[in-house]
Amino acid sequence: MRNTFIDEIIKLARVNPQIALIVGDLGYSVVEPFAEEFPDRFINAGVAEQNMTGLAAGMASEGYHVFTYSIANFPTFRCAEQIRNDVDYHNLPVTVVAVGGGVAYGNLGYSHHAVQDYALMRTMPNMLIASPGDPNEVRACLRYLIENPQPSYLRLGKNGEKNFHTKIPIIEPGKWLTVSESKNLSGQSLLTTGASLQAVLDINSYKAVYTLPLWGMSLKAQQGKQLAQTLPICISEDHLIDGGFCSWMLESTIGMPFSNDQITCKTLSRDACGTVASSKTLWKLSGLAL
Amino acid sequence: MHNTAKLIRKNCVQMVYEANASHLGSALSIVDILNALYADFLNTDPHNQDWEDRDRLLLSKGHACVALYSTLAEYGFFPKDDLINYGKDFSDLMNHVSHKVPGVEFSTGSLGHALPFGVGKAMAAKRLNKKWKTVVILSDGELGEGSNWEAFLSASHHKLDNLFAIVDYNKLQSLTTVEDTLNLEPLVDKFKAFGWAVLEVDGHDHNMLVETFKKVPFEIDKPSVILAHTVKGKGVSFMENSVQWHYKSPSDQELALAIKEIKNA
C-alpha cells in the first residue's frame, strides 16, 4: 500500500500544486520520487512529530493540503494534541498518514503496532478516517481526500497487499463498498475496514463482502440502515475492539430495532498486545483468519 | 505608560473581574508588547482582516487572551462593546484565545502549540515567496514543552528569518518562579545554540520594543527571538510579581484600586 500511496500522490501532485508531503524521518526507498519531483513541497521534519504536525497545520492554514507521513503510532499518538487542537479544531486540510496500521510491523514489536489508533482518531469531531483494504482502495481514498481536503487520517498497511477490487472504486464517506456478492443467499456477510480485508481467505464463503474505507464520528447515522440490510454480519478490523471500528459500528446501532446477536466481531485480541510475532501469526492468534 | 496600553490594561482588569476569570497577571505582562506590535510594527488592516499580505500574530500563551482581545478591540478589529461578552455562555471570546474572534489567527490554550504552527506559516511564506512575517508570543513557563524546542530547531534549520518569536520573560509560572520550577538559564545561550538570533529588551518600554522589532530579522537566514524582560501583573502594584494573580479575580475594591492605579500611571 505504501508504494501505491506514493505513486498515486505523485500523480495527483502533478496537477495540484497545493499538495505537500512532510515525513518524520521515515519512508526510505518509498518517498524519494516525491522529494525529487517536488522539492519545494517535500520536507523531512526529522524525528520531531509534534513539530511536524504543528508545522503541517501552519502550512495548511496558508493554503496547502499537507500529508504527514510516518510509521504506526508516531504520526498519531506522539502528536495527538497537535492533531486534536491544531488540525481538527481549526478544521485544516492535513492528512495524517500512518504506514503499518494494525500489526503490519509484526516482529518490530509493540512500539510499532498501531492497534489503538482508530480509538484515538475517531474521537475527533472533524476527522475523516480513510482505511483502505487494498491498493485500489488506497488510490480511491487519496483521490477522495484530495478532492475534499479536510482533517483526515489515512491508515495504510505496509506492502505486498493484493487487490480485491478489479478497478479503482468510487467511494463515499460512510457508504459501504461491495467487494463480492455470492449467489448463496444464506449465511453471513462480512464488513471490513483497513487491511483486515487481506485476512479474507475465501470471499465466496460469505453471502457478501463489504468494506467501509471512509468513516468517522459524523458518519454514524448512515450505518444502521446498511447494517439492517446485511444481517447476520461479521465485522472485522486489524485493531483492538476497544474504541475501534467494530465499537464505532455498534455505537451506531444504539436505538436500532435489531439485536446485536446478529453481529459478530473479529478484531485483534488483547493477547496480541506485546506479543512479538509476524503479522500473520498475530492475526491468527487473534482469530483474524476470515 | 503609552495611552492605549493604559486602556488595554483597564479592559483586561474589567474583563477578568466581570467574568470572574483568571490569568490577569499573565495578560498584564504582555500588554506593552502587544500594544507596541499593533501600534507601530505589525502590518495589519482591521478593515480587511483576511488581507493576504498581513503579518500573522500567534499568541502561544492563550491563557493571556484578554490582553489580545483588548488590544484587537482598541485597534478596531471588533467593537469594544463586545469585550463584555468575554467568558459568557456561547461567546466567541472564550477564556483561552480563540480563532473565532476577529483578528485572532490561531486558538491556543494548551502550551507549546503556536511556535510549531508558526514555523509552518513561515515555511509556507518562504515557499510562496510572500513577504509577510509570522510573530509568535510565548511565555517563559511554556518553554518547558519539548514541542517548542523541536520548533526552535526546525526554524533555524530551514533559515526562517521571516519568523519572529517574543518570549514574555516574567520569570514566574504557575506555582512559583521559573528558576525553581524548571530553570531555563542560560536562556540567551540556549537560543543561540539552537541557531536563533537573540536580542533582549525591557518588555514594558514602548520605544525600545518598537526599535527592536524594527531590527527583525536580526540576522539574515536566522529566525529572531526577543527575550522581553517583563513583570507579571505589570501596571497594578499589588498584582506585580505575584503568583496568586495567575489565578485570582479582583474583588470590587481591588478592581477600583487597579483602575485608579492604571489611570494615574
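The values are calculated or read from the model by the stated rules, or taken from the named source; none is laboratory data. As the structure is a prediction and not an experimental result, all values here were calculated from the model. Every residue, glycine as well, gets a Cβ built from its backbone with ideal geometry; the counts of neighbours run over all protein chains shown.
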Does residue B:119 meet the test of being modelled with pLDDT of 95 or more, in contact with a Ser or Thr (Cβ under 7 Å, 6 or more places away or on another chain), within 12 Å of chain A (Cβ to nearest Cβ) and under 30 Å from residue A:38 (Cβ atoms)?
-> yes
Picking from A:243, A:255, A:216, the residue that is on the phi > 0 side of the Ramachandran plot and more than 19 Å from the chain's Cα centre (by Cα) would be A:255
Matching residues in segment A:16-60 (more than 14 Å from every other protein chain (Cβ to nearest Cβ) and surrounded by 15 or more Cβ atoms within 10 Å (Cβ to Cβ)) number 6
Could you grab me the full set of residues in segment A:77-87 that are more than 10 Å from chain B (Cβ to nearest Cβ) and either surrounded by fewer than 24 Cβ atoms within 10 Å (Cβ to Cβ) or in a strand (DSSP E or B) (or both)?
-> A:77, A:78, A:80
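Listed here are the residues, each with its yes/no results for (1) out of contact with any strand residue (DSSP E or B) (no Cβ under 8 Å at 6 or more places or on another chain); (2) on the phi > 0 side of the Ramachandran plot; (3) touching a residue at least 40 places away in the same chain (Cβ under 8 Å).
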| position | (1), (2), (3) |
| --- | --- |
| A:121 | no, no, yes |
| A:124 | yes, no, yes |
| A:137 | no, no, yes |
| A:142 | no, no, yes |
| A:152 | no, no, yes |
| A:157 | no, no, yes |
| A:163 | yes, no, no |
| A:166 | yes, no, no |
In segment A:72-92, is there at least one residue being farther than 27 Å from residue B:50 by Cα, at pLDDT below 95 and of a type outside the set (Lys, Arg)?
-> yes
Could you identify the single residue in B:106, B:90 that is part of a loop (DSSP other than H, G, I, E, B) and touching a strand residue (DSSP E or B) at 6+ places or on another chain (Cβ under 7 Å)?
-> B:106
May I ask you to verify whether residue A:129 is surrounded by fewer than 24 Cβ atoms within 10 Å (Cβ to Cβ), at pLDDT 95 or above and not aromatic (Phe, Trp, Tyr)?
-> no
Among the residues of segment A:62-76, count how many are buried (at least 23 other Cβ atoms within 10 Å of the Cβ), small (Gly, Ala, Ser) and within 11 Å of another protein chain (Cβ to nearest Cβ).
-> 0
Residue satisfying condition, being surrounded by fewer than 17 Cβ atoms within 10 Å (Cβ to Cβ) and either more than 8 Å from chain A (Cβ to nearest Cβ) or part of a loop (DSSP other than H, G, I, E, B) (or both), within set B:84, B:137 | B:84
Could you grab me the full set of residues in segment B:140-156 that are more than 8 Å from every other protein chain (Cβ to nearest Cβ) and more than 22 Å from residue B:229 (Cβ to Cβ)?
-> B:155, B:156
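Residues checked against (1) basic (Lys, Arg); (2) outside any helix (DSSP H, G or I); (3) out of contact with any Gly (no Cβ under 8 Å at 6 or more places or on another chain):
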position: A:129; (1), (2), (3): no, yes, no
position: A:141; (1), (2), (3): no, no, yes
position: A:154; (1), (2), (3): no, yes, yes
position: A:157; (1), (2), (3): no, yes, no
position: A:166; (1), (2), (3): no, yes, yes
Which residue pairs have Cβ atoms closer than 6 Å, lie 6 or more positions apart in sequence or on different chains, and pair a first residue in segment A:271-287 that is in contact (Cβ under 8 Å) with a residue 60 or more places away in the chain with a second residue that is in a loop (DSSP other than H, G, I, E, B)?
-> A:272/A:286; A:276/A:109; A:279/A:103; A:279/A:104; A:282/A:103
Can you give me the number of residues within segment B:122-131 that are surrounded by fewer than 24 Cβ atoms within 10 Å (Cβ to Cβ) and at the interface with chain A (Cβ under 10 Å from one of its Cβ atoms)?
-> 6
Inspect segment B:166-183 for any residue being modelled with pLDDT of 95 or more and within 14 Å of another protein chain (Cβ to nearest Cβ) and give the result as yes or no.
-> no
Residue hits (segment A:88-118; within 14 Å of chain B (Cβ to nearest Cβ) and not in a loop (DSSP other than H, G, I, E, B)) are A:88, A:89, A:94
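Just need a number here: residues in segment A:20-45 that are among the small types (Gly, Ala, Ser), within 20 Å of residue B:124 (Cβ to Cβ) and not in a helix (DSSP H, G or I). Walk me through how you get there before you give the answer.
Narrowing segment A:20-45 to residues among the small types (Gly, Ala, Ser): A:20, A:24, A:27, A:29, A:35, A:45.
Next, from what is left, pick out any that are within 20 Å of residue B:124 (Cβ to Cβ): A:20, A:24, A:35, A:45.
Restricting the remaining residues to those that are not in a helix (DSSP H, G or I) gives A:20, A:24, A:45.
Residues flagged as among the small types (Gly, Ala, Ser), within 20 Å of residue B:124 (Cβ to Cβ) and not in a helix (DSSP H, G or I) within segment A:20-45 amount to 3.
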Of the residues B:44, B:71, which single one is buried (at least 24 other Cβ atoms within 10 Å of the Cβ) and at pLDDT 95 or above?
-> B:71
